[in-house]
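The values are calculated or read from the model by the stated rules, or taken from the named source; none is laboratory data. Source: prediction; values computed, not measured. As a convention, Cβ positions derive from the backbone with ideal geometry for all residues, glycine included, and neighbour counts pool all protein chains shown. These accessible areas exclude ligands, DNA and RNA; they are computed on the full protein's heavy atoms, side chains included. Shrake-Rupley method; radii C 1.70, N 1.55, O 1.52, S 1.80 Å.
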Amino acid sequence: MTKRREAVPETEIAQRYDTMLVEQPADGVLLVTLNRPDRMNAMTNQMFAEFEDLAREHRDGDLRVLIITGAGRAFCAGFDLDDAEGLSSLPPLEMLARQERAARALTGLRSLPMPVIAAVNGAAAGGGLALALAADIRIGSPAARFNAAFVRIGLSAGDLGTSWLLPRLIGPARAAEFAYTGGFLEAEEAERYGLLNRVVPAGALLDEALAMAAQIAANSPGGVQLSKRALQANMEIASYAAALELENRGQALLTRGDDMPEALAAFKEKRAPRFTGR
């Protein structure tokens, strides 16, 4: 049984990541733990920069799945209000540059070629909600709760992709109520609305995320990556015909690689396939 991940000792943190712990618990699986538990893993400019570095470093390579969770009792409480105090006094173009940097950080994660799983262990508010939404799959513990906190601090819920992703997950009417009231969605309700794929006991959260990662990693890397590309792209394509065109190209491309013949051979030989991604 996996216990709640507490603060990670300083000596265990990779030198280049001060706001998160990055480890590889299994082949092809990267576990990223936001590691500011004393601030409920609130986001800072440094965290955004480190997310950009993380996405850049792992865009190419053998990574098959990335899991994000939080240390302590929160997933991510949004932007650290200590860092936010001076935002209203910044010149408009400087404020825009900061906002665009934060958006690049989450866009970098969402556009990674491999699936991203959010293991939501507690509060996901404001930018933390946006971070969870940027994942492909969200698994929560009973302590998971979501809040579009922006309107409570004089900002818009149109932040870091929330206004685009949230209605596509829970529907426009529910998204509107959630965004305008600044209320909370508890884990059970979030699962019922489709914001969470499932809710599991707190002690099993990381085990469940790792088990799902293993299921994904057992499949063809190219097949999974092009499936993700098709699912994301077709959320933005307006026509059925355009979606089919994208799917057709992906399937044709995959038949040129090694994994499909290997899968067919393994099926005939009654063995597990040995995928290479080539």
**Request:** Kindly indicate which of Ala252, Ala242, Ala263, Ala214 is under 30 Å from Ala175 (Cα atoms) and either in a loop (DSSP other than H, G, I, E, B) or not acidic (Asp, Glu) (or both).
**Result:** Ala242
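Okay, residues lined up against (1) open to solvent by 60 Å² or more (accessible area, probe 1.4 Å); (2) of a type in the set (Val, Ile, Thr); (3) more than 30 Å from Ser141 (Cα to Cα):
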{"position": "Leu169", "(1), (2), (3)": "no, no, no"}
{"position": "Gly194", "(1), (2), (3)": "no, no, no"}
{"position": "Arg198", "(1), (2), (3)": "yes, no, no"}
{"position": "Pro221", "(1), (2), (3)": "no, no, no"}
{"position": "Val224", "(1), (2), (3)": "no, yes, no"}
{"position": "Gln232", "(1), (2), (3)": "no, no, no"}
{"position": "Gly250", "(1), (2), (3)": "no, no, yes"}
{"position": "Pro261", "(1), (2), (3)": "yes, no, yes"}
**Request:** Could you grab me the full set of residues in the stretch 40-72 that are in contact with a helix residue (DSSP H, G or I) (Cβ under 6 Å, 6 or more places away or on another chain) and in a loop (DSSP other than H, G, I, E, B)?
**Result:** Thr44, Arg64, Ala71, Gly72
**Request:** Looking only at the stretch 158-167, decide whether some residue is of a type in the set (A, V, I, L, M), in a helix (DSSP H, G or I), open to solvent by 10 Å² or more (accessible area, probe 1.4 Å) and at pLDDT below 90.
**Result:** no
**Message:** Need the failing condition index for Met235 against (1) more than 16 Å from the chain's Cα centre (by Cα); (2) free of Cβ contacts under 8 Å to residues at least 40 places away in the same chain, just the number.
**Reply:** (2)
**Asked** Taking the stretch 13-52 as the search range and keeping residues that are of a type in the set (D, E, K, R) and more than 24 Å from Asp207 (Cα to Cα), which one is least open to solvent (accessible area, probe 1.4 Å)?
**Response** Glu50
**Asked** From the residues in the stretch 261-278 that are of a type in the set (A, V, I, L, M, F, W, C) and more than 11 Å from Pro221 (Cα to Cα), which one is modelled with the highest pLDDT?
**Response** Ala272
**Asked** Which residue out of Leu206, Leu196 is part of a loop (DSSP other than H, G, I, E, B) and either in contact with a Ser or Thr (Cβ under 6 Å, 6 or more places away or on another chain) or at pLDDT 95 or above (or both)?
**Response** Leu196
**Item:** strands (runs of 3 or more DSSP E) wholly inside the stretch 87-141 that include at least 1 residues being over 19 Å from Trp164 (Cα atoms) and open to solvent by less than 10 Å² (accessible area, probe 1.4 Å)
**Value:** 116-120, 137-140
**Asked** Of all residues in the stretch 142-157 being without any contact (Cβ under 8 Å) to a residue 40 or more places away in the chain and aliphatic (A, V, I, L, M), which is least open to solvent (accessible area, probe 1.4 Å)?
**Response** Ala148
